[in-house]
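One structure is given below, encoded as structure tokens.
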Amino acid sequence: MRMHGMPDARADVVGFNEPWFRAMQCGDFARAWEISDACLQARLMAGVPPHVGPRHLQHIWDGTPLADMRVLVRCYHGLGDTIQFIRFAAPLRKIARQVVVWAQPPLRPLLATAPGVDHVLPLHDGTPDVDFDCDIEIMELAHALRADEQSISCSVPYIFVGRQRSLLPKMRGELAVGLVWRSGDWDERRSIPIDPLSALSHLSGVRLFSLQCGLAAAEASRIPAQDFASSDVKRTASILRRLDLLISVDTFAAHLAGALGVRVWLLLQADCDWRWMQHRADTPWYPTMRLFRQPSPGDWPAVIEQVIAALRQLRHRQIPQGQIR
């Protein structure tokens, strides 16, 4: 995952890019945007075209002011990135004439509810079927709008799901806790082996629900956790809204829960992504999120120990299902 001026692969984080990562990890947004400005100017001077190569490596925005423009927001990264950065549609719409989001089809129902979004079109391999004055990749919005820690700290929820019947069974004095333990295959360090998670099943007053999709979903029986995974994003959002807590690795479900205002505990590798900064148990990106970090690379058992202690404290509060925020 990258923002404007940054490559996607960790192997490329050297030289000019390393200061950007350090700035973001320290929360020094002003310094990060200075570096991004220099990247943008270097790209423009070199005549690098904006729409060639793999989408997730494309830089789209050419520095054109967005005020009074019909802006096309291209969503070329992961589903979690789109959910996280759609928060910038609201400040963008305050200056733009129109905001059209060209996004991954599964996200359309939720993105259409985000403040500032005029239209959501399904992303496909062709050209966008809409007229626009300028375009920008969604993860470039923070740079273009000169975001800082205060401006990224938006109120939640900022995406919405309508009233639906409860999809979870009725709980009797138990906490409804969702689990996601595997992230994308491109970075195995983010995923947790299933065995350490089985310790959570021994806690009294806690019922576990698996929201893990993909091949790893079959591991839910080893925890054990009741399987409520769904490839339908809107259904998943409805389930999340009924949980007391989601415990997740750094992946889409955590971003979705945070955007919905659901309490989420994020389990992070020692060398985690720049957006989670450093030495913090909270994050300005999501006010209902708590961060649990590996004390050393690969030490997931220590993280699970912290989670178990925190769950015991939470359980003692005896707050009914859906009321913990």
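Regarding D271, is this residue in a loop (DSSP other than H, G, I, E, B) and at pLDDT 95 or above? Don't jump to the end; show me each part of the working.
Numbers: in a loop (DSSP other than H, G, I, E, B): yes; at pLDDT 95 or above: no.
Criteria not met by D271.
Return yes when S238 is in contact (Cβ under 8 Å) with a residue 40 or more places away in the chain and either assigned by TED's automatic domain parsing to the domain that holds A302 or surrounded by fewer than 17 Cβ atoms within 10 Å (Cβ to Cβ) (or both) and no when it is not. Step through it out loud before you land on a result.
Details: in contact (Cβ under 8 Å) with a residue 40 or more places away in the chain: yes; either assigned by TED's automatic domain parsing to the domain that holds A302 or surrounded by fewer than 17 Cβ atoms within 10 Å (Cβ to Cβ) (or both): yes.
So S238 passes the test.
Quick grid of which residues meet (1) of a type in the set (G, A, S); (2) more than 18 Å from L57 (Cα to Cα):
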residue	(1), (2)
L107	no, yes
D125	no, no
V130	no, yes
D135	no, no
A142	yes, no
A147	yes, yes
Q150	no, yes
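Check off (1) without any contact (Cβ under 8 Å) to a residue 60 or more places away in the chain; (2) in a loop (DSSP other than H, G, I, E, B); (3) on the phi < 0 side of the Ramachandran plot; (4) out of contact with any Asp or Glu (no Cβ under 9 Å at 6 or more places or on another chain) for G116 and give me the number that stays unchecked.
The single condition G116 does not satisfy is (3).
Checking G261 against (1) touching a residue at least 60 places away in the same chain (Cβ under 8 Å); (2) touching a strand residue (DSSP E or B) at 6+ places or on another chain (Cβ under 9 Å), which single condition isn't satisfied?
Every listed condition holds for G261 apart from (2).
Search region 287-325 for residues being basic (K, R) and under 25 Å from S191 (Cα atoms), and hand back the single one that is modelled with the lowest pLDDT.
Per the stated criteria, the residue is R312.
Name the single residue that is surrounded by the fewest Cβ atoms within 10 Å (Cβ to Cβ) among those in region 144-176 being aliphatic (A, V, I, L, M) and in a loop (DSSP other than H, G, I, E, B). Walk me through it before giving the result.
Initially, region 144-176 is screened for residues aliphatic (A, V, I, L, M), giving 144-145, 147, 152, 156, 159, 161, 167-168, 171, 175-176.
Imposing the further condition that a residue be in a loop (DSSP other than H, G, I, E, B) reduces the set to 145, 147, 156, 159, 161, 167-168, 171.
Working: L145: 18, A147: 19, V156: 19, I159: 22, V161: 20, L167: 14, L168: 18, M171: 16.
Filtering region 144-176 for residues that are aliphatic (A, V, I, L, M) and in a loop (DSSP other than H, G, I, E, B), the one surrounded by the fewest Cβ atoms within 10 Å (Cβ to Cβ) comes out as L167.
Taking S191 as the residue in question, decide whether it is crowded, with 20+ Cβ neighbours inside 10 Å, under 17 Å from R242 (Cβ atoms) and of a type in the set (S, T, N, Q). Before the answer, list the steps.
Working: crowded, with 20+ Cβ neighbours inside 10 Å: yes; under 17 Å from R242 (Cβ atoms): no; of a type in the set (S, T, N, Q): yes.
Against the criterion (crowded, with 20+ Cβ neighbours inside 10 Å, under 17 Å from R242 (Cβ atoms) and of a type in the set (S, T, N, Q)), S191 does not qualify.
Do the conditions hold for W20, that is, is it out of contact with any Lys or Arg (no Cβ under 8 Å at 6 or more places or on another chain), surrounded by 22 or more Cβ atoms within 10 Å (Cβ to Cβ), at pLDDT 90 or above and among the aromatic types (F, W, Y)? Spell out how you get there, then give the answer.
Numbers: out of contact with any Lys or Arg (no Cβ under 8 Å at 6 or more places or on another chain): yes; surrounded by 22 or more Cβ atoms within 10 Å (Cβ to Cβ): yes; at pLDDT 90 or above: yes; among the aromatic types (F, W, Y): yes.
Yes: the conditions hold for W20.
Can you go through G47, G63, G80 and tell me which one is out of contact with any strand residue (DSSP E or B) (no Cβ under 8 Å at 6 or more places or on another chain), without any contact (Cβ under 8 Å) to a residue 12 or more places away in the chain and among the small types (G, A, S)? Before the answer, list the steps.
Working: G63 fails: without any contact (Cβ under 8 Å) to a residue 12 or more places away in the chain; G80 fails: without any contact (Cβ under 8 Å) to a residue 12 or more places away in the chain.
Result of the check over G47, G63, G80: G47.
Could you identify the single residue in L141, L197, L179 that is part of a helix (DSSP H, G or I) and at pLDDT 95 or above?
Numbers: L197 fails: at pLDDT 95 or above; L179 fails: part of a helix (DSSP H, G or I).
Sole residue among the options that is part of a helix (DSSP H, G or I) and at pLDDT 95 or above: L141.
Taking region 200-235, which residues are touching a residue at least 40 places away in the same chain (Cβ under 8 Å), in a helix (DSSP H, G or I) and over 13 Å from G178 (Cα atoms)?
V233, K234, R235
Test V307 against the stated conditions and say whether it is surrounded by 15 or more Cβ atoms within 10 Å (Cβ to Cβ), touching a residue at least 12 places away in the same chain (Cβ under 8 Å) and outside any helix (DSSP H, G or I).
Criteria not met by V307.
So which residues in region 42-57 are surrounded by fewer than 12 Cβ atoms within 10 Å (Cβ to Cβ) and not small (G, A, S), if there are any at all? Break it down into steps so the answer makes sense when it comes.
Taking region 42-57 first, the residues surrounded by fewer than 12 Cβ atoms within 10 Å (Cβ to Cβ) are 45-47, 49, 51-54.
Correct list: M45, P49, H51, V52, P54.
Is it fair to say W300 is at negative phi, touching a helix residue (DSSP H, G or I) at 6+ places or on another chain (Cβ under 6 Å) and among the aromatic types (F, W, Y)? Talk me through it step by step, then tell me what you get.
Details: at negative phi: yes; touching a helix residue (DSSP H, G or I) at 6+ places or on another chain (Cβ under 6 Å): yes; among the aromatic types (F, W, Y): yes.
Yes.
Residues are listed down the side, and each one gets a yes or a no for (1) in the same structural domain as V71 (by TED's automatic domain parsing); (2) aliphatic (A, V, I, L, M); (3) touching a strand residue (DSSP E or B) at 6+ places or on another chain (Cβ under 6 Å):
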site	(1), (2), (3)
H119	yes, no, yes
F132	yes, no, yes
A147	yes, yes, no
P169	no, no, no
D187	no, no, no
I194	no, yes, no
A199	no, yes, no
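The values are calculated or read from the model by the stated rules, or taken from the named source; none is laboratory data. Just so we're clear, the structure is a prediction, and the values are computed from it rather than from any experiment. A quick note on method: Cβ atoms are made from the backbone with ideal geometry, for glycine too, and the neighbour counts reach across all protein chains shown.
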